[in-house]
Every structure is written in C-alpha cells, then in structure tokens.
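See below for the structure under consideration.
Each value in this text was obtained by applying a stated rule to the coordinates, not by laboratory testing. As the structure is a prediction and not an experimental result, all values here were calculated from the model. Don't worry about glycine lacking a Cβ; one is built from the backbone with ideal geometry, like all the others, and counts go over all protein chains shown.
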Amino acid sequence: MKIDRIHHVAYRCKDAKETVDWYVKHLKMDFVLAIAEDQVPSTKAPDPYMHLFLDAGNGSVLAFFELSNAPAMGRDTNTPDWVQHIAFKVDSVETLEETKSRLEAAGIPVVGVTDHAIFKSIYFFDPNGHRLELAADVGTPEMYRSLDEVKWQMLEEWSKTKRAPKHAAWMHDREFKALD
C-alpha cells in the first residue's frame with residue numbers, strides 16, 4: 001500500500017464558530033463541511049461534538065472538533081510552543097509579507113519572516129492556541145537535491161549521537177555550493 005495523500009488533519013478548537021470565522025477571515029480558507037454527533041461513531045461513546053472542515057488547498061483539509069463535554073483545552077507542556085505547528089504553503093515571499101502585514105494590522109502577533117534557506121516563513125497563533133506557519137519555497141533544485149542526498153546519513157548520525165549532523169550546515173551558513 002502507498003498513501004495517496006492526507007485526507008484531513010484534525011485538531012481541537014475552543015469554539016467552532018470563532019474558529020471557522022477566523023480561518024475564513026485571516027487565511028481565506030473555505031468552510032466546506034460540518035458534522036455534528038451526540039455519540040462517537042467509532043466507539044459509540046456518548047460525547048457530543050461539532051466537527052468542522054476547512055479547505056487548505058489542493059485537496060488538503062484542516063479539521064477541528066469542538067467538544068462540549070470535555071475539560072478545557074490544554075497543550076503538551078513538555079513540548080516547546082515552536083515544535084507543534086501546522087504549516088501551510090503560500091505561492092511567494094510577497095504573499096508571505098503581505099499576509100504578515102494584514103495579520104499584524106488585525107492585532108495578531110507574527111514572528112518572522114524567518115529565512116530557512118530553502119523556504120521563508122512566518123509564525124503566529126490561531127484563537128485556539130495552535131501555532132501556524134505560512135511558508136514560501138525559495139530553494140533551488142540543486143539545494144533540494146543536496147538535501148535529498150544526505151537525508152539518510154543525517155538520520156543515522158542523529159539516531160546514534162542525538163546531535164545535529166553537519167551534512168546540511170550550509171542552510172544556516174548561507175554558503176550553498178552546487179554539487180559537482
């Protein structure tokens with residue numbers, strides 16, 4: 001079996017309507033589907049929920065659950081805020097910069113534009129506390145090929161040492177040299 005694509009990715013939200021309104025307004029996503037049940041279809045547990053689906057582009061769907069009987073939302077306090085996030089691709093650095101300005105004008109704090117060598121990105125939080133990233137690709141085919149060639153070696157070294165391998169240090173040194 002080979003996976004075709006992600007059908008949807010689901011997260012919890014504090015308020016279904018606020019979440020849909022925020023994603024439609026700030027990220028221009030289309031609200032495509034809502035499902036509400038009084039019991040969980042897979043487990044048959046009595047647990048009312050609202051399940052929302054938003055179009056994240058090219059067949060990608062971002063979904064949320066509002067759970068009316070569950071305790072307040074929390075987060076994994078053992079994981080830094082910057083680790084768990086949802087990253088969306090945008091078409092250009094210009095779109096990234098325009099979106100940053102628009103979000104900040106709406107009172108949403110934004111970190112970045114951050115240069116990751118092969119893409120640039122901005123970071124901000126949705127009203128549920130989920131960290132979001134918008135990323136615009138800027139890498140060259142040579143850069144991607146170079147990274148592809150070292151990915152398994154990097155994984156092996158990390159697995160053994162738990163230290164960052166230096167196979168792609170050029171990403172942070174900004175000294176990419178094309179492969180011969």
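Where the centroid of each part is defined by its Cα atoms, how far is the stretch 41-90 from the stretch 1-40 in Å?
About 7 Å separates the Cα centre of the stretch 41-90 from the one of the stretch 1-40.
Explain nothing, just the number: relative contact order of the stretch 1-82, from Cα pairs under 8 Å at least 6 residues apart, as a whole percent.
33
How big, on average over all directions, is the shadow cast by the Cα convex hull of the chain, in nm²?
Taking a quarter of the hull surface, the average projection is 14.0 nm².
Treat every Asp and Glu Cβ in the stretch 50-180 as -1 and every Lys and Arg Cβ as +1, leave all other atoms uncharged, and give the resulting dipole magnitude about the Cα centre to the nearest 20 debye.
Using only the charged Cβ atoms, the result is roughly 440 debye.
Only counting other Cβ atoms within 10 Å, I'd like Ser42, Ser146, Ser101 sorted with the fewest neighbours first.
The fewest-first ordering by Cβ neighbours comes to Ser42, Ser101, Ser146.
In degrees from 0 to 90, rounded to the nearest 10, what is the angle of the helix 16-27 Cα long axis to the longest principal axis of the chain?
Between the helix axis and the principal axis of the chain, the angle is about 40 degrees.
Taking Cα atoms, how many degrees apart are the long axis of helix 93-105 and the longest axis of the chain, rounded to 10 and kept between 0 and 90?
40
Could you list His8, His51 so that the one with the fewest beta carbons within 10 Å of its beta carbon is first and the one with the most is last?
Sorted ascending by nearby Cβ count, the order is His8, His51.
Taking a 28 Å limit on the Cα-Cα distance, which of the listed pairs Lys89/Lys160; Lys2/Lys89; Lys14/Lys162; Lys120/Lys160; Lys14/Lys100; Lys2/Lys166 fall beyond it?
Lys89/Lys160; Lys14/Lys162; Lys120/Lys160; Lys2/Lys166
What do the square roots of 5 times the Cα gyration tensor eigenvalues come to for the stretch 1-106, in whole Å, largest first, as semi-axes of the equivalent ellipsoid?
For the stretch 1-106, the ellipsoid semi-axes come out as 27, 18, 16 Å.
Please state the charge dipole magnitude for the stretch 1-122, taken about the Cα centre, from unit charges on C-beta atoms (+1 on K and R, -1 on D and E), reported in debye and rounded to the nearest 20.
Dipole of the stretch 1-122, to the nearest 20 debye: 200 debye.
Cα convex hull of the stretch 85-139: mean projected area in nm², to one decimal?
Average of the hull's projected areas for the stretch 85-139 equals 3.4 nm².
Can you give the angle from 0 to 90° between the axis of helix 141-161 and the longest principal axis of the chain, with both taken from C-alpha atoms, to the nearest 10?
Orientation of helix 141-161: about 80 degrees from the principal axis.
Hey, got the dipole for the stretch 1-70? About the Cα centre, +1 on K and R Cβ, -1 on D and E Cβ, debye to the nearest 20?
It comes to approximately 260 debye.
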